[in-house]
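Scroll down for the structure; my scribbles are underneath it.
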Amino acid sequence: MELIDGKATSAQIKAEIAETVARMTAEGRRAPHLVAILVGHDGGSETYVANKVKACEACGFRSTVIRREADVTEAELLSLIDNLNNDAEVDGFIVQLPLPRHIDEQRVTEAIRPEKDVDGFHPVNVGRQSLGLPCFRSATPAGIVELLKRYNIPTRGKRCVIIGRSNIVGKPLASLMMQRGIDATVNVCHSATEDLASITREADILVAALGKPGFVTADMVKEGATVIDVGTTRVPDATRKSGFRLSGDVDFENVAPKCSYITPVPGGVGPMTIVSLMQNTLRAAMHEIYPE
Ligand code: BQF
């Protein structure tokens, strides 16, 4: 069993990005600039945005966090987005999800200009990704594919089973994994799937992205499989000074001995999600996907 080290891999990619940024600024261009809109004070969202700001620093990017209280109106948020869409000093921006219930996430997402949508959530980027066209790729799926590539894990003709059909992980990952060049055979399973274990046991690459701590147990995994754990649920833990720990969707202790490769939580997919956002922001600043 080999551990897939997302933390080390992400650090290496951030160093590569920082080199590119150093060359840009040496040529007299400004550094890439990422803006994050953070609504309310959800603990998870605060941490995620802090992770993104820290990653920007490591890459030599400029970053700005715009905070609004949880009672912000949708109209205010849309007007903020309009300003960022038209701000030439901003290369890309994100609205940290989830948003308070009174705000329509879809309307907010569709208000972002696709050219600045570095989360890749706008239907234009989602559609372009599914067609295999240049686009801002969804961060978690792109990070998973990057890990498979850097660890030389074969995908061509292999069975990839994804548990979870969310718009931000399951669906876009399925479309990436079946693309030419990756060439996996993909199954997407979800809460209505019958006899789930019989499907997951066929997986050469098993991706757990359903958000249930410890859901994937050893009996669901084929000997020698690669297991990718996307779960990052906060579970109470009195032994931690934060009062919680991050739990993956995989029963790591019992599953790991059966695997050829496995990602840990924390330090697996999470840091790669952040680094994909950095890669998208760099591409936005270079107008690589949508030429001016
Ligand atoms: C790690 C996210 C659910 C809903 C909205 C590093 C992150 C997490 C874990 C992180 C996530 C999860 C993010 C680790 C961003 C990934 O060391 O294991 C980084 O910051 N993430 C998000 O922005 O929104 C979410 C999960």
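Near ASN125: Cβ cut-off under 9 Å, other residues only, Lys/Arg at +1 and Asp/Glu at -1. The net charge is 0.
Between ASN51 and THR73, what FRET efficiency comes out of the Förster formula 1/(1 + (r/R0)^6) with R0 = 30 Å and r the beta carbon distance, rounded to 0.05?
My answer for the efficiency is 0.60.
Computed over the Cα atoms of region 135-250, the ratio of the radius of gyration to the Kirkwood radius (Rg/Rh) comes to 0.99.
Heavy-atom accessible surface of region 1-101, averaged per residue, reaches 51 Å², computed with a 1.4 Å probe. Summing Cβ point charges (Lys, Arg +1; Asp, Glu -1) relative to the Cα centre of the chain gives a dipole of roughly 520 debye.
Approximating the spin labels as points 7 Å out from Cα along Cα→Cβ, the ARG201-to-GLU19 distance works out to 4.7 nm. Please name which of ALA55, ILE112, MET1 has its Cα lying farthest along the dipole of the chain towards the positive end, using unit charges on Cβ (Lys, Arg +1; Asp, Glu -1) and the Cα centre as origin. It is MET1, whose Cα lies furthest towards the positive end. A simple charge model with +1 on the Cβ of Lys and Arg, -1 on the Cβ of Asp and Glu and nothing else charged puts the dipole of region 183-290 at about 580 debye relative to its Cα centre.
Can you give the convex hull volume of the alpha carbon atoms of the chain per residue, in Å³? If you can, show how the numbers build up before the last one.
Details: hull volume 39.8 nm³, N = 292.
Expressed per residue, the convex hull around the Cα atoms of the chain is 136 Å³.
Taking label points 7 Å from Cα along the Cα-to-Cβ direction, ALA238 and MET178 give a separation of 4.9 nm.
Taking amide H as placed 1.01 Å from N in the peptide plane, the amide H of LYS222 sits under 5 Å from that of ALA203, each at least 5 places away or on another chain.
Backbone geometry of region 119-134 corresponds, through the Karplus equation with coefficients 6.51, -1.76 and 1.60 at θ = phi - 60°, to 3J(HN,Hα) couplings of 7, x, 8, 5, x, 5, 6, 4, x, 5, 5, 5, 8, x, 8, x Hz, x marking Gly and Pro.
Net charge near HIS33: determine it from the other residues with C-beta under 10 Å of the C-beta of HIS33, scoring Lys and Arg +1 and Asp and Glu -1.
Numbers: positive: ARG30, ARG62; negative: ASP87, GLU89, ASP91.
The answer is -1.
Figure legend: label point modelled 7 angstrom from the Cα of LYS149 along Cα→Cβ; residues of region 10-40 with amide N under 18 Å from it are 10-21. The mean sequence separation of alpha-carbon pairs under 8 Å and at least six residues apart, normalised by the residue count of the chain, gives a relative contact order of 21 percent.
When the accessible area of region 176-275 is computed with all protein chains present and a 1.4 Å probe, what percentage of it is carbon and sulfur? Please report the intermediate quantities before stating the final value.
Numbers: 2450 of 4770 Å².
Looking at region 176-275 in its full context, I get 51 percent from C and S.
Quick check: the angle from helix 269-285's long axis to the longest principal axis of the chain, C-alpha only, nearest 10 degrees? Its long axis makes an angle of about 30 degrees.
If you wrap region 39-133 in the convex hull of its Cα atoms and look at it from every side, the mean projected area works out to 6.6 nm².
Toward the positive end of the charge dipole of region 169-274, with +1 on the Cβ of Lys and Arg and -1 on the Cβ of Asp and Glu, the farthest Cα among THR226, VAL169, ALA203 is that of VAL169. Using the Cβ of ALA197 as centre and a radius below 14 Å, the other residues enclosed give a net charge of -2, where K and R count +1 and D and E count -1.
Rg/Rh for region 1-90 to two decimals, with Rh computed the Kirkwood way over all alpha-carbon pairs.
Taking Rg over the Kirkwood Rh, I get 1.07.
Rounded to whole Å, give me the distance from the Cα center of region 1-34 to that of region 68-108. That distance is 27 Å. Within the assembled protein chains, the solvent-accessible surface assigned to LYS222 is about 70 Å², based on a 1.4 Å probe. Look at the dipole of the chain built from charges on Cβ: of PRO154, GLY28, GLY44, the Cα furthest out on the positive end belongs to PRO154. Here region 133-172 is assigned +1 on the Cβ of each Lys and Arg and -1 on the Cβ of each Asp and Glu. Its dipole about the Cα centre then comes out at about 160 debye.
The values are calculated or read from the model by the stated rules, or taken from the named source; none is laboratory data. The shown structure was predicted, so the numbers you read here are calculated from the model rather than taken from an experiment. For neighbour counting, all protein chains shown are included, and Cβ atoms are generated from backbone atoms with ideal geometry for every residue, glycine included. Quick note on the areas: whole protein, heavy atoms, side chains included, nothing else; ligands and nucleic acids left out. Shrake-Rupley method; radii C 1.70, N 1.55, O 1.52, S 1.80 Å.
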